[in-house]
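Down below is the structure, laid out as structure tokens.
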Amino acid sequence: MTSPVVRFAPSPTGKLHVGNVRTALINWLFAMGNGGKFFLRVDDTDTERSTEAFEAQIKADLKWLGLVWDDTFNQSARFEKYDAAADKLRDMGLLYACYETADELDRKRKIALSRGRPPVYDRAGLNLSDEDRAKLEAEGRKPHWRFKLSGGRIEWTDLVRGPQGIDTASVSDPVLIREDGSYLYTLPSVVDDIDAGITHVVRGEDHVTNSGAQIEIFKALGGSAPEMAHTPLLVDAEGGAFSKRLGSLNMETLEARGILPMAILSLLAKLGTSDNIEVRDNLESLAAEFDFSKIGRAPAKFDERDLLALNATLIHTKPFNAVKEQLAQIAPEAANETFWLAVRENCQTVFDAQPFADIAYGHVEPIVDDEDKAFISEALGLLPDGELTPETWKSWTTKLKEQTGRKGRGLFMPLRKALTGMEHGPDMGAILPLIGREAVERRLARG
Ligand code: GLU
């Protein structure tokens, strides 16, 4: 295969959510794994809804994820190209003016349906004479422009979906230019893909029908269409459609929750594929394992629990330095390796360490049940002298066991609750020296 050239083409009308990132990632992995190029195309032809702030955020998010691009460009800078392509299509007789209002089109659709016909545009615009057009424009109407589909069958072998066919006689000629002269997405995308030398268009399967018309436009303007790959969409864990919940899982939110890029990328790369969902700690490994043939046809279920599990595996195996900065955000004292090693098994994200940092370095409300009061004060009396070390817990509880006859849960739980204010948490042997003698004595005495 010659080196692929792909693009990720977000519209800067919102933040990147997990669905967008999956499309970006698949493009990126395919390019990276095959020595190709990855372009970032900013689809900002909708000048009302696109903002520079969203564009900047999208770029920052992609960089945070490590999905760097070889080149980037904005569609808003290329209107002249789209105008030239539109002129070319007009000259070829493939772009024609239509004057119906939305209401009139709606009526036409209803009439077609009531007569048992598919609601396909009747091409009235194609049959207008110059005089008809002049008359309509004298009425104050402005044209919108439709691409004339061939009426034949368009076929392609989708890299994910296999053989695909769209019968263009059964779909309406798509509008490429609105009445106000603005472009819908269909034409600019093709013009850009031709100019950028895109070899593979990789996107969500919500674009499959667009591909029918776009392949014909590719052929009209550039001779041939790129390869196509349409991936099944993400659905939420309950199997529902791409929900509001998933839409709100943007990169800022995930970063703020302490989710690491490689947890997100590992999940999105493997979701809906024949590979097991396992964490990888670099994009190169994911690229080496990527193949379109592994992507299944069923919707890919995105479950946040999977994301947390992968994040947990990552942070448990990462060197301390990789989590130090996040720990420092919890509390400056928490950014130390001994603390992290003591608590990490109890954390799915680094920020889960917050309550344990309170235990080790901050304030805790001891819990001492009435029936444990005497035991806790005995424990205070038996606390070994000297500095508390990782061995202290063992020798202290062994002695307590001998003296009080308590064992198991009855021995350990009251101590845990008095010292940490919780019933669950990190290994007490490791956390005790971090709490330190002074706080240990204070907490036990309060019981
Ligand atoms: N801006 C389009 C979208 O976000 C791009 C689709 C494509 O990749 O062609 O849906």
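Laboratory data are not the source of any read-out in this text; all were calculated from the coordinates shown. In this text the structure is predicted, and so the values were computed from the model without any measurement. Glycine gets a Cβ as well: all are built from the backbone with ideal geometry, and neighbour counts include every protein chain shown.
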Item to check | Cα gyration tensor, region 223-348 - rounded (a/c under 1.5), prolate or oblate | outcome: prolate
Item to check | HIS17 long-range amide H proximity, modeled H, under 5 Å | outcome: none
Checklist outcome for this item: For region 365-447, listing GluC sites (Glu not before Pro) in a DSSP loop whose Cβ sees at most 11 other Cβ atoms within 10 Å gives GLU387, GLU423
Checklist outcome for this item: Counting Lys and Arg as +1 and Asp and Glu as -1 over every other residue whose Cβ sits under 14 Å from the Cβ of ASP103, the net charge comes to +1
Item to check | Charge dipole (the chain, unit charges on Cβ, about Cα centre) - positive-most of GLY33, LEU382, PRO414 | outcome: PRO414
Next on the checklist: How high is the relative contact order of the chain? Use alpha-carbon pairs under 8 Å, at least six apart in sequence, and give a whole percent.
Outcome noted: 13
Checklist entry - Given the rule -39500 (n - 2.57) for each run of at least 4 DSSP H residues, summed and divided by the residues of the chain, what is its mean residue ellipticity at 222 nm, to the nearest 500 deg cm²/dmol? => result -14000 deg cm²/dmol
Checklist outcome for this item: The lysines whose Cα lies under 28 Å from the Cα of LYS110, excluding any fewer than 8 residues away in the same chain, are LYS135, LYS142, LYS148
Checklist outcome for this item: Cα extents of region 387-447 along the principal axes, largest first, in whole Å, come to 27, 22, 22
Next on the checklist: With angles folded into 0 to 90 degrees, how steeply does helix 392-404 sit against the dominant principal axis of the chain? Use alpha carbons for both and round to 10.
Outcome noted: 50
Item to check | Share antiparallel - DSSP beta bridges, region 188-306, percent rounded to 5 | outcome: 10
Next on the checklist: Need the C-alpha centroid separation for region 129-191 versus region 351-390, integer Å.
Outcome noted: 72
Checklist outcome for this item: Given Cβ charges of +1 for Lys and Arg and -1 for Asp and Glu, the option among ILE58, THR209, SER285 whose Cα lies farthest towards the positive end of the dipole of the chain is THR209
Item to check | Between 0 and 90°, nearest 10: helix 373-382 axis offset from the chain longest Cα axis | outcome: 70
Next on the checklist: Of all beta bridges DSSP finds with both residues in the chain, what is the antiparallel percent, to the nearest 5?
Outcome noted: 50
Checklist entry - Once the dipole of the chain is set up with Lys and Arg at +1 and Asp and Glu at -1 on Cβ about the Cα centre, which of ALA112, GLY362, ASN250 lies farthest towards its positive end? => result ALA112
Next on the checklist: To test your reading of the geometry: what angle, between 0 and 90 degrees and rounded to tens, separates the Cα axis of helix 186-195 from the longest principal axis of the chain?
Outcome noted: 80
Next on the checklist: Ratio of alpha-carbon Rg to the 2.2 N^0.38 Å globular estimate for the chain, to two decimals, please.
Outcome noted: 1.39
Item to check | Cα-based equivalent ellipsoid, region 100-251: semi-axes from gyration tensor eigenvalues, Å | outcome: 31, 21, 17
Checklist entry - Mind checking the dipole of the chain: about its Cα centre, +1 per Lys or Arg Cβ, -1 per Asp or Glu Cβ, Debye to the nearest 20? => result 860
Next on the checklist: Cut-off under 19 Å on the C-alpha distance; same-chain residues fewer than 8 positions from LYS407 excluded. Which lysines are left, in chain and number order?
Outcome noted: LYS373, LYS394, LYS399, LYS417
Checklist outcome for this item: Here the longest stretch of the chain that holds no trypsin sites (Lys or Arg not before Pro) in a DSSP loop having at most 13 other beta carbon atoms within 10 Å is 179-296
Item to check | Loop GluC sites (Glu not before Pro), region 262-324 (other Cβ atoms within 10 Å of the site Cβ: 15 or fewer; DSSP) | outcome: GLU278
Checklist entry - For ALA112 and ARG153 in the same chain, what is the full-extension length gain: residue separation times 0.36 nm, less their Cα-Cα distance, in nm? => result 12.5 nm
Checklist outcome for this item: If each K or R counts +1 and each D or E counts -1, the residues other than ARG280 whose Cβ falls under 12 Å of its Cβ total -4
